[in-house]
Amino acid sequence: MMSPFDRKNKLASCLDHLALRALLFALCVGYFFFLWRSGPASLLCGGALFLLVVLTLMLLERRTLKRRDRMLRERVGGMIALEELIMLPGRAACQRVCDLLCETLSAESLGDAVMRYGGETWLVRCAQCLQGTSASQSDVLSAHRARIEAGADKVALVSTAAFSPEATRAAEWADPPVRLISGRQLALLFGRLHPATDEEIARHAQHQKKPFSWRRIRALALAPAKLRRYLLCALLLLLFYFAAGSMAALLASLLSFMLAILCDRENRRSFTL
């Protein structure tokens, strides 16, 4: 199966394949002609070698497509699983991760996000963080306290994102150390056990291709933090206009002032839902 993400143009793909095979055929025939200096014999043997090489390339391409398809399904499946995990209630998220670890490690689930593995009881906790953020040391300490309260031997803290350096140091400081599993490792586990289907891949691709809305662009352009930047930019451009007499600098300065005014008006509006 081909990936639904931004496929190459069909005409360009056909031309690439045709040019590659024509070059390969010419090289095969040229090789035997260089050896024998005979046109018919070189054409016959070169054609046979060309067919052999083309069949080999087709087999390699098929294996590559299967490998890429499997990797795509695992990656998308892991991303979808993380997105669903973020939106679950805390207890349900911990139990789902515990079931995943039990399935991966062939461990015994004891319920309430507790499993038995290697003769020890493990408590599984989940820090539900958005992408781009990190689980903090407070999450690690909360997991450690939860282990003591549950009476488990060890605790595994899973994050849907990454861990901050402070969280890593806190996990090493705890006794016994808290086992940290990052969002990248969790996505790999989810993807290998539950790869995405064709419908999920197509839905995820459609979601990724969704363009910016005007409302989002307006919110980004008129954010409160941009007000001082617009004013500073307008002032510098105005000074440049007085120094160099550039009309382009004057127009850009007026535009910056207008953006600053719009930004101020936008942030003074009453709060509404």
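The values are calculated or read from the model by the stated rules, or taken from the named source; none is laboratory data. This structure is a prediction, so every number in the text was calculated from the model and none was measured. Surface accessibility is based on the protein's heavy atoms, side chains included, excluding ligands, DNA and RNA. Shrake-Rupley method; radii C 1.70, N 1.55, O 1.52, S 1.80 Å.
At 37 °C and a viscosity of 0.692 mPa s, what translational diffusion coefficient does Stokes-Einstein give for segment 99-177, taking Rh as the Kirkwood radius over Cα pairs? Give it in µm²/s as a whole number. Estimated via Stokes-Einstein, D reaches 255 µm²/s. Taking all Cα pairs closer than 8 Å and separated by 6 or more residues, the relative contact order of the chain comes to 15 percent.
Couplings 3J(HN,Hα) for segment 257-265, derived from phi with the Karplus relation 6.51 cos²θ - 1.76 cosθ + 1.60 (θ = phi - 60°), are 4, 5, 5, 5, 5, 4, 5, 5, 5 Hz, where x marks Gly and Pro. Ile181 sits with roughly 20 Å² accessible to a 1.4 Å probe, with DNA, RNA and ligands left out of the calculation. Surface composition of the chain: carbon and sulfur make up 63 percent of the accessible area, probe 1.4 Å. Scaling the Cα radius of gyration of segment 52-107 by the globular reference 2.2 N^0.38 Å produces a ratio of 1.79. Based on the Kirkwood radius over alpha-carbon pairs, what is the Stokes-Einstein translational diffusion coefficient of segment 132-273 at 10 °C with 1.306 mPa s viscosity, in µm²/s? Reported coefficient: 78 µm²/s.
The share of Cα pairs per 10 Å bin across segment 45-174, counted from zero up to the longest distance, runs 12, 30, 26, 11, 9, 8, 4, 0 percent. Scattering from the C-alpha atoms of the chain alone, worked out with Debye: what is log10 I(q)/I(0) at q = 0.11, 0.14, 0.17 1/Å? Log10 of I(q)/I(0), two decimals: -0.88, -1.01, -1.22.
The phi torsions of segment 98-105, fed into the Karplus equation with coefficients 6.51, -1.76 and 1.60 and a -60° offset, translate into couplings of 4, 5, 5, 5, 5, 5, 6, 9 Hz, rounded to whole numbers, with Gly and Pro shown as x.
Using C-alpha pairs below 8 Å separated by at least 6 residues, the relative contact order for segment 1-141 is 14 percent.
Ligands, DNA and RNA are left out, and with a 1.4 angstrom probe the accessible area of the chain is 69 Å² per residue.
Geometric descriptor of segment 8-53, per residue, is 63 Å³ (volume of the convex hull of the Cα atoms). The separation of segment 217-273 from segment 161-184, counted between C-alpha centres, amounts to 44 Å.
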